[in-house]
Each structure stands twice: as C-alpha cells, then as structure tokens.
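Structure first, then comments.
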Amino acid sequence: MAAQIVRLRVELMNIEPRIWRRVEVSLTTNLRVLHELIQVIMPWENYHLYQFTIGERIYGEPSPEDTAWGHKVYHAKNMRLAALVDRGITELDYTYDFGDNWQHRIAIEHIRTADPDIDYPLYLDGERAAPPEDVGGPPGFMGFVEAMANRRHPEHKDMIRWYGRPFNPVDFGTSAIAETVQDIAAKRKVAMQAFERSRQKR
C-alpha cells in the first residue's frame, strides 16, 4: 500500500492578524513528532510543556503530578495521525507553554498518496512571525509588537534589550524554516533506509 500524506494547517489562536503554517507529514506521524515539528515551523524553542487535546483526552508527556491536577495525560508518542483520521477527527488543539498558554488549532485539510520524489515532512507556507518565548501570552505579545514598532514607545528600548534585536511581525524566516524541515526529512529518510536494510538482513 502506498504511503499516505496528510496536509495540516497549524494556526495560533487568540491573535490577530492570524499566525499560521501549513505542512505535509506522513499519516504515520505520532503526536510527539508532530509537537517537535510545530516547534520548528513556528518556531518555538521547545523548553516548555505541551499537550494535544482531542475530545476529552489529553496527549502529552505524562507526569506523576497529573493525578494531583485531576486529569490523565496519555503518551503523545502512542497516538498517530492515522488513528485520528480513522476516527473521523478533522481538527485537534495543541497548547504550548501552559504559562503563556499558546493555543493552536490544527486542521486536517487533505490526505493524499505520497509523492515518491518528495521527502517528508514538507513545509508549504505560512504567515507572520510567532511570538517570542515568555513574552506573556497574547496580551503580552500585542504589547510587545506595539512597543517594538514605535521608537517613541516608553517600553521600546526595554523590549529591544530584552529581545536582543528588532522584531518584524511579517518576516518569520520562512526560508530557514523550510531548510530545517528539509533537513529533518532527509534524516528521517536515512533512518528509514537503515531500518529497511536491517529488516532485509534478518
């Protein structure tokens, strides 16, 4: 059976104008790998906790503290996109950094047969720069953008010092993101080829 590819649109919620990315990944991708890919394409820095919410279930990295909070967290690595598609799921929610509470909506846009000449995952397109880490959630980000855009803003110099450079809300480094995703796809291809060779030797 030919490999299947799913096209996903990842959109950051509660911010206008919208910040979004579109990628194509293998239908066999699990949620932990999807989390790692989202970190690359936004990009985030992957040093906060995350979770996917699908119906009443939460997927992430289970911790002994989960019971104290009164909820069960299932292993993200144990849920693949194929299983969600089989259940008729067309959207899922992804939250990164429970302090800043960056909520994303992931839409399953299309499923098709993989192109044998393309290595996946594949970055397609997107718009606008994601917020910096620890900026203070949507309200903090809106204040950050306003201060960075106005040299006369009372917090402009402090924000430049904190961020370390000017901030362009439109330019999010799409070429660099595409190259990084290509590197991930190339490494995945090498790993898959090595796996197939090991199977043939058995």
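For the reader, a short list of remarks on this structure follows.
- Residue check, R188 at pLDDT 95 or above and in a helix (DSSP H, G or I): no
- When H110, H75, H48 are checked against the criterion of being surrounded by fewer than 14 Cβ atoms within 10 Å (Cβ to Cβ), at pLDDT 95 or above and farther than 23 Å from T174 by Cβ, H75 stands alone in meeting it.
- Qualifying residue in the range 53-69 (condition: within 18 Å of E11 (Cα to Cα) and either outside the structural domain of L122 (by TED's automatic domain parsing) or part of a strand (DSSP E or B) (or both)): yes
- Single residue of the range 161-175 satisfying the filter (more than 12 Å from P132 (Cα to Cα) and not in a loop (DSSP other than H, G, I, E, B)) that is nearest to the chain's Cα centre (by Cα): T174
- Residue match in the range 93-115 (condition: assigned to a loop (DSSP other than H, G, I, E, B), touching a helix residue (DSSP H, G or I) at 6+ places or on another chain (Cβ under 9 Å) and on the phi > 0 side of the Ramachandran plot): yes
Yes/no per residue for (1) in contact with a strand residue (DSSP E or B) (Cβ under 6 Å, 6 or more places away or on another chain); (2) assigned by TED's automatic domain parsing to the domain that holds H35:
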| site | (1), (2) |
| --- | --- |
| R87 | no, yes |
| N101 | no, yes |
| I111 | yes, yes |
| P116 | no, yes |
| Y123 | yes, yes |
| F144 | no, no |
| P166 | no, no |
| I184 | no, yes |
| K187 | no, yes |
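The values are calculated or read from the model by the stated rules, or taken from the named source; none is laboratory data. These figures come from a predicted structure and were not determined experimentally. Reconstructed Cβ throughout: ideal geometry from the backbone, glycine too, with neighbour counts over all protein chains shown.
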